[in-house]
Amino acid sequence: MGVVVQNDKKSAYRKSGVRAALAVLAGLAVAALASGCSQPERRTDAPAPPAQGQQRLQAPPARALDSYATRLRASAEARAAAARRWGLEQVPLTPPAPPAVKPRITARAGFEVNHQEDWNLPPVFTTVPTDDKVVFLTIDDGADKDPAFLRMMSELKIPYTAFLSNYLIKDDYGYFRKMQANGVTLNNHTLHHPYLPGLSYDEQRREICGMQDIMRKQFGKRPTVMRFPYGNYNQDSLVAAKSCGIKYAPIWNEEVFVDHWEFREDDKRMRRGDIVLTHFRGRDEWNGTMVDDMRRFLNYVTAKGFAVARLEDYL
Ligand SMILES: [Zn+2]
């Protein structure tokens, strides 16, 4: 009798146990469904351990996070490997996201011309006003066309802006199309690289607008940014540039060569938002290659704690 009662009790216990387990499973399934893509709230009163169903429902977002982390890690590792491959002392820093609100850029004091503001002429500037610890790399002319340089910059994901002069690039527009395909903006540096203040207004306009036409034909768009050869200009240059569709005329605050740096400022210090100039030059003109030049540039910039950002993202 006792055994029977005990059996009955056991049986009753088992039945209620199954019901309780089913209720728990149902509750967990609802909780898991309700959580959807967001993290479920941690319920301290929830029974543990989690049911099988909950684990399966949580798995997709967990896997997505994991693959995002994997991708990030893979891209950081690829950058580190590229830095080693190109002989850099450190991995270049990653720039912040482009500013949502662009800085207001005006002519640098002492670099404006008569009627700069009231004629709304393109500003000539050497530094972009920003609190981001970034500098901007600009590369001029286009004489040297080193395929290794394209590979290096693309593998390291370093943004830069090219200012091109037609007489130096016309033998190989394809080289600069590859550059453009890597996300580089190609800008105007005149047809023949003249000393603009020595030319009449009409001659200046032919040099600037003529290059706009070449850029349109060869690269698909007319730039809104140009650099005056040697950084020299007068009021005619700015009026002509504006009439050709130019909005900005950046020059530079520092210039890097394969074997030395030149600073515009007396304190020889790199500043946030500085525009850095270098040239497409190889062993023909320099005691080193473009890759050597970029190695010097990146080692210095990274050692000073700066990232390289894209100039056009701030304009
Ligand atoms: Zn130049």
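Every number in this text was worked out from the coordinates using simple rules, so none of it is lab data. If you're wondering where the values come from, they're calculated on a predicted model, not measured in any experiment. Cβ placement follows ideal geometry from the backbone for every residue including glycine, while neighbour counts extend to all protein chains displayed.
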- line: Given the conditions (1) surrounded by 21 or more Cβ atoms within 10 Å (Cβ to Cβ); (2) farther than 17 Å from residue 123 by Cα, every one holds for residue 200 apart from (1)
Which numbered condition residue 288 misses (of (1) at positive phi; (2) in contact (Cβ under 8 Å) with a residue 60 or more places away in the chain): (2)
task: Output the residue which, of all residues in region 214-231 that are within 16 Å of the ligand (Cβ to nearest atom) and not hydrophobic (A, V, I, L, M, F, W, C), is surrounded by the fewest Cβ atoms within 10 Å (Cβ to Cβ).
output: 230
- prompt: Assuming residue 147 fulfils every condition listed in (1) surrounded by fewer than 12 Cβ atoms within 10 Å (Cβ to Cβ); (2) more than 30 Å from residue 81 (Cβ to Cβ) apart from one, which condition is it?
  reply: (2)
statement: Per the filter on region 258-304, residues among the small types (Gly, Ala, Ser) and more than 16 Å from residue 158 (Cβ to Cβ) are 273, 282, 288
statement: Checked region 113-129 for anything away from the ligand (no atom under 16 Å from the Cβ) and crowded, with 17+ Cβ neighbours inside 10 Å; matches are 116, 121, 122, 123, 125, 127, 128
query: Taking the stated definitions as given, is residue 288 in a loop (DSSP other than H, G, I, E, B), closer than 26 Å to residue 120 by Cα and away from the ligand (no atom under 16 Å from the Cβ)?
result: no
- prompt: Can you name every residue in region 241-285 that is polar (S, T, N, Q) and in a strand (DSSP E or B)?
  reply: 278
